[in-house]
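Everything below concerns the one structure shown next.
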Amino acid sequence: MAKADPHRLKLSQLRALVAIVDQGSFSDAALHLDLSQSAVSHAIATLEDELGVLLLHRGRQGAVLTPVGEQITEDARQVLRSLDSLCHKAEEAKGLQAGEVRIAAFRSVATHILPEVIRQFRQQYPGVTIAIDEKSHYEMVENDLRQGRADVGFTYLPSREEFDQWELLRDRYIMLLPPSPQPPAQPLEWADLAAYPLILTPADDGDRQHLDRLLHRCGQQLHPDYVVREDSTILSMVERGLGATIMAALAAEPIPPGLRVAELPQPLERVIGVIVLREALLPPPVYAFLERLKTVWLQSETRRTAESLAVEGR
């Protein structure tokens, strides 16, 4: 008996075998495959001839696998699954040759988190365009996703149930004081804040509203002496001794040389997360971007942990 030659096997034969087993008979398999029953019978007969073994018992009860038929059918399933996977990856690759990822985010995320993610993503998918729309309020981010104007959003967590969401980082609030040779108390007392004119963003700013809510839980209320929209302007005013500010650490980066950083009397933080609309059918470039974001941020977190442990070990 000649040795079975894998190069002579056909995918149509394997599909016929799996269809017969799944459908229970040659006739039902033929209907499932949209073939004639004789074509299905021929496929199985030539497959058995090529392999030199009996795969199916034909009888009144339908088609029943032989012991070796059971093993070969499972192998055939694996071949067909691999073929499906191959085609799926090819379709994904075609979808990633062009397209756009639309991102809605607030400034500190767009400045400090996204550039490295975009750099790596564009190296892998140079044909995909990245569009970033900076927002002054996290609710504007969520609304852009809801209205279909953005695919990916960066907001404060927890967000609403209509979004799939996961935490990216926790960003603590700090007090930034004007330059002085006198180091600030660590941490400050609430009464210490009253010693400085306070510079804050407007009341309609999303981060200001979040900070106000956190302080309200601590029984505190802020009364700014200056109201300024741009973080960079606030930092410049503090640098020139016009007052102090409370700002999220990420938003303050890079902190101008000479400014003194003090911890608040109670730890306050904002939880920054990534959201996508739960029911949205997102294109392949968006999924690829999210995977790259997770990879880059995991690498960054691992590096920061290692650096922190190294400092503690000195």
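Could you order peptides 240-252, 209-221, 183-195 by the average number of other Cβ atoms within 10 Å of their residues, highest first? Working shown, then result.
Values: 240-252: 20.0, 209-221: 13.8, 183-195: 12.2.
Ranking, from highest mean packing down: 240-252, 209-221, 183-195.
Mind checking which of VAL109, PRO158, GLY127 is farthest towards the positive end of the stretch 100-313's charge dipole, using Cβ charges of +1 (Lys, Arg) and -1 (Asp, Glu) about the Cα centre?
So the residue we want is GLY127.
Given the -39500 (n - 2.57) contribution per DSSP H run of 4+ residues, what per-residue ellipticity at 222 nm results for the chain, rounded to the nearest 500 deg cm²/dmol?
Working: 12 runs with 150 residues, N = 314.
For the chain, the value works out to -15000 deg cm²/dmol.
Among SER25, SER36, which comes first, then next, by fewest other beta-carbon atoms within 10 Å? Before the final figure, lay out each step's value.
Numbers: SER25 15, SER36 10.
Least to most surrounded, the residues fall as SER36, SER25.
Using the Cα centre as the reference, give the magnitude of the dipole from point charges on the C-beta atoms of the stretch 100-313 (Lys, Arg: +1; Asp, Glu: -1; all else neutral), rounded to the nearest 20 debye. Kindly include the intermediate steps, with their values, before the conclusion.
Working: 22 positive and 31 negative charges, 60 e Å.
Roughly 280 debye for the stretch 100-313.
Give me the number: length gained by fully extending ASP49 to ALA191, i.e. 0.36 nm times residue separation minus the C-alpha to C-alpha distance, one decimal in nm.
Numbers: separation 142, 0.36 × 142 = 51.12 nm, distance 9.13 nm.
Residue separation times 0.36 nm, minus the Cα-Cα distance, leaves 42.0 nm.
What helices in the chain pass both tests, a Cα length along the helix axis of 30 Å or more and a mean Kyte hydropathy of -0.5 or higher, using whole DSSP H runs?
Details: long enough: 67-95 (43 Å, -0.71); 284-313 (44 Å, -0.28).
Result, helices passing both filters: 284-313.
Cα centroid distance between the stretch 220-248 and the stretch 98-177, in Å?
Here the answer is 25 Å between Cα centres.
Between SER82 and LEU169, what FRET efficiency comes out of the Förster formula 1/(1 + (r/R0)^6) with R0 = 51 Å and r the beta carbon distance, rounded to 0.05? Display every interim value, and only then the final one.
Working: r = 39 Å, r/R0 = 0.76.
Once rounded, the FRET efficiency stands at 0.85.
Rounded, prolate or oblate: which fits the stretch 99-176, taking a ≥ b ≥ c as square roots of the Cα gyration tensor eigenvalues, rounded meaning a/c under 1.5, else prolate when a/b beats b/c? Write down the numbers at each step before the final one.
On the way: a/c = 1.91, a/b = 1.24, b/c = 1.54.
Oblate is the answer for the stretch 99-176, as a/c is 1.5 or above yet b/c matches or exceeds a/b.
In nm, give the distance between the simple-model label positions of VAL227 and ASP75, each being 7 Å from the Cα along the Cα-to-Cβ direction.
According to this spin-label approximation, the distance is 7.7 nm.
Which entry in (1) 1.04; (2) 1.20; (3) 1.60 matches Cα Rg over 2.2 N^0.38 Å derived from the coordinates of this structure?
The value computed from this structure is option (3).
Determine, for ARG170, ARG77, the number of other Cβ atoms within 10 Å of each Cβ, and report the residues in order from fewest to most. The partial results should precede the final answer.
Details: ARG170 12, ARG77 15.
Listed from fewest to most nearby Cβ atoms, that is ARG170, ARG77.
If the only charges are +1 at each Lys and Arg Cβ and -1 at each Asp and Glu Cβ, what is the size of the charge dipole of the stretch 1-67 around the Cα centre, to the nearest 20 debye? Spell out each step's value before the answer.
Values: 6 positive and 7 negative charges, 18 e Å.
So the dipole magnitude of the stretch 1-67 works out to roughly 80 debye.
Which of ALA280, ALA39, ALA110 moves the most in a Gaussian network model of the chain with Cα springs under 10 Å?
ALA39
Only the coordinates and a few stated rules stand behind these numbers; no lab work does. What you are looking at is a predicted structure, and each value in this text was computed from that prediction instead of being measured. Quick reminder, even Gly has a Cβ in these numbers, built from the backbone with ideal geometry, and neighbours come from all protein chains shown.
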